[in-house]
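Worksheet: one structure, shown below.
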Amino acid sequence: MGNYCRPSEISEAIALLATDRWTVLAGGTDIYPARLGASDDVDILDITNIDGLRQISETKHGFFLGSLLTWSDLIGMPLPSYFDALKAAARDIGGVQIQNAGTIGGNLCNASPAADSVPVLLVLDAEVVLQSAEGHRRLPLSQFLQGNRKTNLKSGELLTQIFIPKKIEARTKTGFHKYGARKYLVISTVMSSGLICWDKQGVITDCAIAVGACSEVAQRLSVIEKVICGTHLDELKNIDVKLFYFNSLKPLSDVRSDKEYRLEMAILQVRSLLNDWSNINV
Ligand SMILES: Cc1cc2nc3c(=O)[nH]c(=O)nc-3n(C[C@H](O)[C@H](O)[C@H](O)COP(=O)(O)OP(=O)(O)OC[C@H]3O[C@@H](n4cnc5c(N)ncnc54)[C@H](O)[C@@H]3O)c2cc1C
């Protein structure tokens, strides 16, 4: 039987992580199912008692989301409307029990290709804050996630916060679409998220689109993003969502879907995002 520790301060957790190989436990909704039948000879560092990890702070430039915020916490928080896509993804993660326990930090550190928060956080230009006994470092999420279940988290590091830069709320819109084999309680077959910002005339000044579950790590679609930037909101309906915009994806065929169907769904989801945005009134 391994050791179990449940500190109440970030500093205690960091000090423990510096001394030994602990397995960090947040909501446990990924760890427990993954460890079914495995040996219990593992040292568990339970971070659920660290209130400092379950808060949001706002600065001039953005929001720092504590890694221990659960999906239910995020759904219930008053946040600018460009967090709507993150809230929509949160509402689609498992059922209410999973949303009450599962955390944003756990979703990122588990690094599943089907992690629903990842496409949304990529379009929001999220960064992760990683803390260790040596100090802390900030990394864009795209650099933190390195592959299927692979992250840039080093031994001794704890993911403490996720930073989201501020946008102009009145002229920013985000969206999220998830497709799975059924409507509720489903792991994504494909999910897509997007963000656009526009100027006072309705011309799009910034666009980000990301697709998940179609490669080891969700990918931004830089080619279509460039096509969309500079067009007017009214013209979004006329944009031809071409297959080659999705060339950076490497979908797999597996039990959930074959790769061709995944690509078709990704195209439909991006089409839906553009249709949604074309109804925005300037
Ligand atoms: C029935 C069910 C349905 C689900 N449905 C979905 C779904 O629809 N969409 C989806 O995306 N996911 C889904 N999941 C997966 C899971 O609920 C989420 O990924 C959740 O956000 C994981 O968070 P957690 O706090 O439970 O992570 P944990 O299980 O506690 O941890 C996951 C991993 O991250 C590490 N870790 C956690 N926090 C930190 C930290 N702060 N610093 C360093 N390492 C850390 C842990 O050591 C572990 O390796 C589902 C799971 C179940 C059981």
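Bear in mind that the values in this text are calculations on the coordinates, not laboratory data. Predicted, not measured: the structure shown is a model, and the values here were computed from it. Glycine gets a Cβ as well: all are built from the backbone with ideal geometry, and neighbour counts include every protein chain shown.
How long is the gain from Asn279 to Glu58 if the chain were fully straight, where each residue apart is worth 0.36 nm and the alpha carbon distance is subtracted? List each step's numbers first, then the result.
Numbers: separation 221, 0.36 × 221 = 79.56 nm, distance 3.04 nm.
Taking Asn279 through Glu58 to full extension adds about 76.5 nm, to one decimal.
Go ahead and run the numbers for FRET between Asn110 and Glu169, Cβ-Cβ distance against an R0 of 41 Å, rounding to 0.05.
Approximately 0.85, to the nearest 0.05.
In a Gaussian network model over the chain where Cα atoms closer than 10 Å are linked, find which of Lys226, Lys87, Lys178 has the largest mean-square fluctuation.
Greatest mean-square fluctuation among the candidates belongs to Lys226.
Give the cross-link partners of Lys183 among the aspartates and glutamates, using a straight C-alpha distance below 12 Å as the criterion and excluding same-chain residues fewer than 8 apart.
Correct list for Lys183: Asp92.
Can you order the peptides 192-199, 249-256 by their average number of other Cβ atoms within 10 Å per residue, highest first? Intermediate values should be presented prior to the final figure.
Details: 192-199: 24.4, 249-256: 14.1.
The packing order, highest mean first, is 192-199, 249-256.
Go ahead and set up a Gaussian network model of the chain, Cα springs under 10 Å, then flag whichever of Lys154, Lys167, Lys200 fluctuates most.
Per the Cα network of the chain with a 10 Å cutoff, Lys200 tops the list.
Taking the Cα centre of the chain as the origin, how large is its charge dipole in debye, to the nearest 20, when only Lys and Arg (+1) and Asp and Glu (-1) carry charge on their Cβ atoms?
The calculation lands at about 620 debye.
For the pair Met1 and Glu235, how long in nm is the line joining their label points, each one 7 Å along Cα→Cβ?
It is 6.8 nm.
Have a look at Ile187, Pro78, Thr231 and report the one farthest towards the positive end of the charge dipole of the chain, computed about the Cα centre with Cβ charges (Lys/Arg +1, Asp/Glu -1).
Going by the charge dipole, the pick is Thr231.
Once you place label points 7 Å from the Cα toward the Cβ at Glu134 and Ala15, how far apart are they in nm?
2.1
Under a GNM of the chain (C-alpha, springs under 10 Å), which listed residue has the highest mean-square fluctuation: Ser222, Ser112, Ser188?
In this elastic network of the chain, the residue with the biggest mean-square fluctuation among Ser222, Ser112, Ser188 is Ser222.
How far is it, in nm, from the label point at Tyr261 to the one at Asp41 when both lie 7 Å from their Cα along the line to the Cβ?
4.3
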